[in-house]
Every structure is written in structure tokens, then in C-alpha cells.
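The values are calculated or read from the model by the stated rules, or taken from the named source; none is laboratory data. Treat the numbers as computed from the prediction; the structure is a model and nothing was measured. Cβ sites come from the backbone with ideal geometry, for glycine too, and all protein chains shown count toward neighbours. In case anyone asks, the SASA skips ligands and DNA or RNA and just uses the protein heavy atoms, side chains included. Shrake-Rupley method; radii C 1.70, N 1.55, O 1.52, S 1.80 Å.
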Amino acid sequence: MAPAFRDSCPQFAAHVDGLARNLRGSCPLPRALLRAAATLLQSFAGHLMPTSSGLFPRNFKKTFPIASRGEGCWIISSDGRRFLDASGQAAVVSIGHGVPEIGRAMAEQSSQIAFAHTSQFHTAPAEKLAERLLAMAPPNFRNSARVYFTSGGSEATETAIKLARQFHLESGQKDRYRILSRRQSYHGSTLGAMSVSGNVARRAPYEPLLTEWGHIAPCFCYHCPFEKTFPQCDLACADDLEVHLFKHESGKAAAFIFEPVVGATLGAAVPPEGYVARIAEICRKNGILLIADEVMTGMGRTGKPFAAQHWNIEPDMILVGKGVASGYAPLGAVLVSARVVEAFERGTGAFMHGFTYQAHPVCTAAGNAVLDHLESHQLFDRVSPAAKNLRDALSLLQSHPHVGDVRGLGLLCGVEFVKDKTTHEPFPREQNIAERIRQACLDENVLTYPTQGCVDGLRGDHILLAPPFTVSPEESALIARALQSALAKVFTS
């Protein structure tokens, strides 16, 4: 962190310190480490954005190339440089860039009806896409289930929070309002979505604005919060939900939200066998809804339409975004099970919530066109073999002394870098390992998704890989070679 920023923002460090105490109970992180969270708001080496730009950038101290077009797994900048999109632009792009029929479908829809407010009309593309999504979902989403379309994943989380609250009101349980979640989780950037997220660094600047409903232990075998080993741990991380409910008035809990495979925050951490089933059982026993956040894992990313289907569970709600339109339009959704829908139908019949652009005709037309492409090109079936090719290519990295873990499910993979491979000790945060790996891969024209904080919210470096389902064996090999080159450049000693 730049000294000037460190000295000028003591209140930021105080927010981080207090937040970590809140999320971690009696084991706060070292203060010096917590203050390092401020680096998320600062740039790594770079230059100020051109003053001629009218855009408010994500970082004023970085420069960004202009993306001019895309082809398959590649993005081409305005200067002709080609980048292999190994991250699918934050696990968004599934069918690849530049598929012309998606644009044609959107143009055709906009020429018919581009917008109709859902307080007055429904539209054919939204109705069609809802039916198709429900047909892909677990059995409890048949018959009376419904889909609530949004403009993205954060709005989907916000909608699910309100649905859970009103479900209990409609069911005569007015005391239930708390939405529980896990530490080391991420569910979106709106204030409601951030309240249920457990990402320390992302929450820190906005802590005074956030509600704290309760966070339980993460499910992360590589850095077990209980310092246990599966299966001898007997799924202590799942039972932590029951412990929390016992200590904090279970009658006020409305829902539990979780990522079946934790994406950016933990770098594709897959739960051990039995974890998801135990969580679902605890929710049922205590009368709380189970919300599966599949914004990153849904729509085939893990090899099944929804990651929850790997463990044969039936959530009460499933959140989707990102891959539902493969980045061709801003689109998200909440799949609402029959059980939840029926409570509204029996009760007031009206959901006290809404967005201007929900179920937008052009966006849902894009969703249908993407699903058409996925089905006609059998891309769902390509995920598992493509994932095997990628993991085989990445296996060459595992002998490196600073590659601690290569993990994931389907085409959602994480590579974690550690200081000590035996103890899993992370690097000091100020070494910026994940960002340096990203930059070194960028020098090889390969785009990755770096994150720090997988160990305790601040320390722990990994990169996320989530290429389009069309990624070829040759492209997977190129990703692995870029990472090998990056490792050699970053770890020179």
C-alpha cells in the first residue's frame, strides 16, 4: 500500500479491523494485515486514466485497452492485440465471443418490441426462457415454479432476500428475516447482496451501511477453519450452521444462501461429499429456505445445468446470472420453487418488489438465443471433456514449489499459490502474488481472474480460470504454458 494512502485513511483500516472481528469472532487478524485490505482500492503498477475519458473507471490508476471485437475464446483490442480469455471475463462467457446469431436475435426482438413494463405486460421471450430454465432445474422446480428475471446476479440476490422475507410473512412467520451465509463468500455488490457476503475486503469500506445477519464457517478443505481433515472432520463446517442457529434464535432465520462451488473468493473451492446434503437437511429441520447462488456455477459451468445437481439437492431458490446470457446482454434470474410460489398464491398474491428492466424482452431474447446455441452445438456436453483437457494441462503446474492447490469442478478452476507447500502458509499480502501472476500471464496474452484473501479474507493468492465451453485442447495448453511462464517470472529465486 502506498504510504500516503496508509497515512491518510486510518478510518478505512479501522473499518477493516472491526469487520474482521465481526466476521471472525474472537480471532481477529493482525492489524497490519487487515489494513492491507485497502490495497483492493488501490492500483498495482500503472498509469492514470487519460483525462480525455468520460468513463468512471474501476481504477483511476490503471490503463485499459479498448476491446474492439471477440472471436471464440479470444478478445481483440483496438491495436490488434489478441488475448486468450481464460477467465471467460469473470466466468461469464460460455458460448464464446462473437457468435453472430445472438446479435441477430436481439436485433429482431428490438424491432418488434424492445421494452414493455412488467406491471402491464409479459412478453413471449421472457415466458419462453422461464419455461426452459425451469425444465433444466431440479424436480421441485416443476409445475408451479416460476422465474423472476433481473439485470444481473446482484439483483438476483437482492430479489431472493426479499422473496425469503415475504415468503415467511405470507406463511404467518413474521419474525423470520435473517438471511444467513458463510464467511469467505460473495453474493453481489448491492448493499443487500453485500450484507450476505462474507468477503472481508469487499465489505470493509461499506461496513457502516451493511446489515449483519450472521455468517458461519466457510467450507474450504485446503484451509479448514477448524484445522481438521475430511472425512474425520465429520463435516464440522456444515454443522456450524446448526450451532449458529442454536446460539442466535433460530426462529428469526429466514434463509441460508451459499455458493455450491465458491467462485472468486475461494478460487473454485468444491465441498466434500455430504456437505451440501447436510446443509439442506439443517435448513429443512429448522424451517428456513435454502438459496443456491449459482450466478457463477449455473448454466452448465460445472458440467451440469446447475451445480446443486451434482449432489441431488433441491434448493428453494436458485440464482443465475453471468452464463444465462453469456455476456451478450445484462441478465440474471431467480428460479423460485413451487413451495415458495404457492405461499404467495395462497397469500397476498403480490410481491412487493420490482425493477424497471426486469424480464427485458431484448435481454431474454438473448438468453433464448444463447440457450439455443448451447443446445444446437451440444456445448453442455463439451464441458466435462474440455475440463479434463484443462486440468490435464494444469497438472504440470502442481510440481512447482509455490503451487499449493489446483482445484475446481467443470470449467471453473482455481490455482492457489502458497509460500510453503507443506503447511499451506500463504504469502504476505503485500507481495501481491495473484496480481503479479495475472500481469505475467497478460504479458503472454492470456487473461486470468486474480484474487487475494482466500485464506482469511486478506491473505491467500489464487487465480480463477473459467474459459468458454468452446475452449480447445490447444488453447488449454496455451493457458498452462502462460501460467508456467508466469510462475518462472514471479518466483525467480
Item to check | Karplus-derived HN-Hα couplings along segment 356-371 (A = 6.51, B = -1.76, C = 1.60, θ = phi - 60°), whole Hz, x at Gly and Pro | outcome: 4, 9, 5, 6, 4, x, 5, 5, 6, 5, 4, x, 5, 5, 5, 5
Checklist entry - For segment 227-284, which trypsin sites (Lys or Arg not before Pro) are in a loop by DSSP, counting at most 11 other Cβ atoms within 10 Å? => result none
Checklist entry - In whole percent, how big is the carbon plus sulfur part of the accessible area of segment 86-142, probe 1.4 Å, protein atoms only? => result 58 percent
Checklist outcome for this item: Of every Cα-Cα pair in the chain, the percentage lying beyond 31 Å is 44 percent
Item to check | Rough spin-label spacing in nm, given labels placed 7 Å along Cα→Cβ, for residue 346 and residue 249 | outcome: 2.5 nm
Next on the checklist: Can you work out the Karplus-derived ³J(HN,Hα) for every residue in segment 247-262? Use 6.51 cos²θ - 1.76 cosθ + 1.60 with θ = phi - 60°, whole Hz, and x for glycine or proline.
Outcome noted: 7, 10, 6, 4, x, 9, 7, 9, 7, 10, 10, 8, 8, x, 10, 6
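Can you give me the relative contact order of segment 247-406 as a percent, contacts being Cα pairs under 8 Å and 6 or more apart?
Here the relative contact order equals 17 percent.
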Next on the checklist: Past the 24 angstrom mark, what percentage of all C-alpha to C-alpha distances in segment 204-325 do you count?
Outcome noted: 30 percent
Checklist outcome for this item: With x for Gly and Pro, the residue-by-residue ³J(HN,Hα) of segment 103-113, computed from phi through the Karplus equation 6.51 cos²θ - 1.76 cosθ + 1.60 at θ = phi - 60° and given in whole Hz, is x, 5, 5, 5, 5, 4, 5, 5, 6, 8, 8
Checklist outcome for this item: The FRET efficiency for residue 381 and residue 66, from their Cβ-Cβ distance with R0 = 30 Å and rounded to 0.05, is 0.25
Item to check | Links that overshoot a 23 Å alpha carbon limit, given the list 162/252; 128/304; 174/322; 388/489; 421/489 | outcome: 174/322; 388/489
Checklist entry - For segment 154-198, which trypsin sites (Lys or Arg not before Pro) are in a loop by DSSP, counting at most 12 other Cβ atoms within 10 Å? => result 174
Checklist entry - Hey, can you rank 331-338, 262-269 by average C-beta count inside 10 Å, highest first? => result 262-269, 331-338
Checklist entry - Cα-Cα pairs above 18 Å in segment 266-409: how many percent? => result 68 percent
Next on the checklist: What is the distance in Å between the Cα centroid of segment 299-313 and that of segment 190-206?
Outcome noted: 26 Å
Checklist entry - Ignoring any ligand, DNA or RNA, what whole percent of the accessible area of segment 388-482 comes from carbon and sulfur when the probe is 1.4 angstrom? => result 49 percent
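Determine the per residue accessible area of the chain with all protein chains present and a 1.4 angstrom probe, expressed in square angstrom.
Result: 43 Å² per residue.
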Checklist entry - Just the Cα atoms of segment 117-275: what Rg and Dmax do they give in Å? => result 17.5, 56
Checklist entry - How large is the helix-only mean residue ellipticity at 222 nm for the chain, computed as the sum of -39500 (n - 2.57) over DSSP H runs with n ≥ 4, divided by its residue count, in deg cm²/dmol to the nearest 500? => result -11000 deg cm²/dmol
Checklist entry - For segment 200-308, what relative contact order do you get, as a whole percent, if you take Cα pairs closer than 8 Å and at least 6 residues apart? => result 24 percent
Item to check | Nitroxide proxy distance, nm - points 7 Å out along Cα→Cβ at residue 388 and residue 226 | outcome: 3.5 nm
Checklist entry - Points 7 angstrom from Cα along the Cβ direction at residue 212 and residue 144: gap in nanometres? => result 3.9 nm
Checklist outcome for this item: Of all DSSP beta bridges having both residues in the chain, the percent classed as antiparallel (nearest 5) is 70 percent
